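A.B. asks: Okay, handing you the structure first.
The values are calculated or read from the model by the stated rules, or taken from the named source; none is laboratory data. Computed from a predicted structure; not experimentally measured. As a convention, Cβ positions derive from the backbone with ideal geometry for all residues, glycine included, and neighbour counts pool all protein chains shown.
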């Protein structure tokens, strides 16, 4: 069952929301995670969340979001209020106005549909777009991107071939072509880079 916030009466049915309600697992490629709830805060249903977007200003005016559990179940919910605290965001959701209700939303990714993602420049990419791309150098497959590591101002692709893990700087001089549609990154690797 998919829970839709529009159909929930905050006075009654929200009290009985089961945090383990199920629905068909969703295809994660149709959603973009912008935050992840980590714990409750206070007694009024507030949740502390890690910010997963490079554009925290996108929360301004944002109401409808999707809370996705680790098993793929989801709930459509509405943001009632938000504010930033250091490098995290505090979220309060409509109908989840007590610590007991908010606990049902702990450890969930807060997502928006992919078509609502912030528009990037043509040479910019979301991490989730790069993950799963094959890295090709000199006509040979080096491995598959499993993540993006940020060290200061630099971004490195975490690449594995199942046996060996590599860090490849995600800069134009090295990653010369990024084909998101076909999930292929063409690279010109400096000599010795894969030996580091």
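A.B. asks: Return the residues of segment 170-185 that are buried (at least 17 other Cβ atoms within 10 Å of the Cβ) and part of a strand (DSSP E or B); say none if nothing qualifies.
C.D. replies: Correct list: 175, 178, 185.
A.B. asks: Sticking with this structure for a sec: What strands (runs of 3 or more DSSP E) lie completely within segment 37-123 and have 2 or more residues being closer than 23 Å to residue 150 by Cα? Explain how you work it out, then say what you get.
C.D. replies: Numbers: elements: 46-51, 64-68, 74-85, 88-93, 109-113.
Where strands (runs of 3 or more DSSP E) fall fully within segment 37-123 and carry at least 2 residues being closer than 23 Å to residue 150 by Cα, they are 46-51, 74-85, 88-93, 109-113.
A.B. asks: Tell me which residues, restricted to segment 152-169, are in contact with a strand residue (DSSP E or B) (Cβ under 9 Å, 6 or more places away or on another chain), closer than 24 Å to residue 54 by Cα and surrounded by fewer than 16 Cβ atoms within 10 Å (Cβ to Cβ).
C.D. replies: 154, 167
A.B. asks: Which numbered condition trips up residue 147, out of (1) more than 29 Å from residue 169 (Cα to Cα); (2) assigned to a strand (DSSP E or B); (3) in contact with a helix residue (DSSP H, G or I) (Cβ under 9 Å, 6 or more places away or on another chain)?
C.D. replies: Evaluating residue 147 over (1) more than 29 Å from residue 169 (Cα to Cα); (2) assigned to a strand (DSSP E or B); (3) in contact with a helix residue (DSSP H, G or I) (Cβ under 9 Å, 6 or more places away or on another chain) leaves (1) as the failure.
A.B. asks: Next up: Does residue 64 satisfy being more than 15 Å from the chain's Cα centre (by Cα), surrounded by 13 or more Cβ atoms within 10 Å (Cβ to Cβ) and in the same structural domain as residue 47 (by TED's automatic domain parsing)?
C.D. replies: yes
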